[in-house]
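Take this structure, written in C-alpha cells, and hold onto it; I'll ask about it next.
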Amino acid sequence: MTNTPAAPVFPPGRYGRRLEPRRARRWLPVALLTLVLVGALVLAERLYRQYGDPTYDPRISATEQISDSSVTVTLTVRKRTAGPAVCRVQAKDHSGAEVGYAEVPVGQGTTVTVRYPLATKGRPYAVDVLGCRAA
C-alpha cells in the first residue's frame, strides 16, 4: 500500500505568501490576430487597386473582311472613365510575324465599340490588342 503525499505543508510565515496561479492574458493573442487580419485586408485592397481592376479592358469582338492587305477589326473597350483613349492593335501572320499595327482611337464613354480597317503587309492569322491608354 502506497501513500500519495499531499501538497507540502510549509511553516506559516516562513516563506512568504504563496501566489495563486495567474490567468493567462487572453487579450494578447486576440489583439495580435486582429492586427494581422487588418494588415492582410489593407494589403489585399492595395494589391487589388494596383493589379485587380484594369483601367481599360479591351476585347476583339470580331474580325471581318480578311484579305492579303487588310482586316476589319471590331474592338470593344470598357473603361473606368468616360474620356477618350487609344488602343494598340497588332495583326500577325501564321508564323507569328507582325503584318499590321495601328493605334486605334476610342471615343468617349465607359463602353465603346469601334470598327477599324487595319492595313496589313500580308494575310493576317490573328489580331491582338496590346493595350490601351488615355488619349
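The values are calculated or read from the model by the stated rules, or taken from the named source; none is laboratory data. A quick note: this is a predicted structure, and the numbers were derived from the prediction, not measured. For neighbour counting, all protein chains shown are included, and Cβ atoms are generated from backbone atoms with ideal geometry for every residue, glycine included. Surface areas here come from the heavy atoms of the whole protein model, side chains and all, with no ligands, DNA or RNA. Shrake-Rupley method; radii C 1.70, N 1.55, O 1.52, S 1.80 Å.
Quick check: residue separation of ARG123 and TRP27 times 0.36 nm, minus the Cα distance between them. What number comes out in nm?
Taking 0.36 nm per residue and subtracting the Cα distance, the gain is 27.6 nm.
Note down the net charge around LEU130, summing +1 for each Lys or Arg and -1 for each Asp or Glu among other residues with Cβ under 12 Å from its Cβ.
0
Can you list which of the trypsin sites (Lys or Arg not before Pro) found in segment 77-135 are DSSP loop residues with at most 16 other C-beta atoms within 10 Å?
ARG80, LYS121
What does the convex hull of the alpha-carbon atoms of the chain project to on average, in nm²?
Result: 21.1 nm².
Sticking with this structure for a sec: How much length would be gained if the chain were fully extended between LEU37 and THR63, taking 0.36 nm per residue of separation minus their Cα-Cα distance, in nm to one decimal?
4.6 nm
Calculate what fraction, in whole %, of the accessible area of segment 27-135 sits on carbon and sulfur atoms when a 1.4 Å probe is rolled over the protein chains.
Carbon and sulfur atoms account for 59 percent of the accessible area of segment 27-135.
As a test question: what accessible area, to the nearest 10 Å², does LEU130 have when a 1.4 Å probe is rolled over all protein chains in place?
Approximately 90 Å² of LEU130 is accessible to the 1.4 Å probe.
Rounded to the nearest 0.05, what FRET efficiency do SER70 and GLN50 have when you use their Cβ-Cβ distance and R0 = 30 Å?
That pair, SER70 with GLN50, gives E of 0.20.
Shifting gears a bit: So what's the back-of-envelope 222 nm ellipticity for the chain, counting only DSSP H runs of four-plus at -39500 (n - 2.57) apiece and dividing by all residues, rounded to 500?
Result for the chain, helices only: -5500 deg cm²/dmol.
Tell me the label-point distance for the pair ALA7, THR110, using the 7 Å Cα-to-Cβ offset, in nm and rounded to one decimal.
7.0
Let me ask something else about it. Could you give me the ³J(HN,Hα) list for segment 111-119, computed from phi with Karplus coefficients 6.51, -1.76, 1.60 and θ = phi - 60°, whole Hz, x at Gly and Pro?
10, 10, 10, 10, 9, 9, x, 9, 6
Going by alpha carbons, how many degrees (0 to 90, nearest 10) lie between the helix axis of 27-47 and the longest principal axis of the chain?
Rounded to the nearest ten degrees, it is 10.
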